[in-house]
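The values are calculated or read from the model by the stated rules, or taken from the named source; none is laboratory data. Computed from a prediction, not measured in an experiment: that's the story for all the values here. Counting neighbours? That spans all protein chains shown, and the Cβs are built from the backbone with ideal geometry, glycine included. SASA here: full protein model, heavy atoms, side chains in, ligands and nucleic acids out. Shrake-Rupley method; radii C 1.70, N 1.55, O 1.52, S 1.80 Å.
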Amino acid sequence: VRWMMYWIVFALYTVTETITDLTVSWFPLYYELKIAFVIWLLSPYTRGASLIYRKFLHPLLSSKEREIDEYIVQAKERGYETMVNFGRQGLNLAATAAVTAAVK
């Protein structure tokens, strides 16, 4: 559970850092602060990732749980439909190639 919380917080940090890195990287000691923050997240003594996850992310995710579940179901259905369509297109392409090769 601890590692799950760490990786979720770290993924959020990575997305945030990617967006803000260009505008804030000129700040003095920016890179040192980033390293210190990641160590704070990872440290078993400070449990920074657990703190951020439990105080901020878990309540947010819990309040949006129904919407997240609906998005997962929609993605699953769309993924299945997409794979069926690609399968059909592949079979049609193979059948066309076989007929073309047989005619020649």
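Residue count for segment 10-43 satisfying the condition of being assigned to a helix (DSSP H, G or I), farther than 26 Å from ARG54 by Cβ and hydroxyl-bearing (Ser, Thr, Tyr): 3. Taking each residue of segment 47-64 that is closer than 8 Å to VAL9 by Cβ and looking for partners that are open to solvent by less than 40 Å² (accessible area, probe 1.4 Å) and of a type in the set (Phe, Trp, Tyr) with beta-carbon atoms closer than 6 Å, six or more apart or interchain, yields ALA49/TYR6. Just a yes or no: is a residue in segment 28-40 at positive phi and either of a type in the set (D, E, K, R) or open to solvent by 60 Å² or more (accessible area, probe 1.4 Å) (or both)? Checking segment 28-40: at least one residue is at positive phi and either of a type in the set (D, E, K, R) or open to solvent by 60 Å² or more (accessible area, probe 1.4 Å) (or both).
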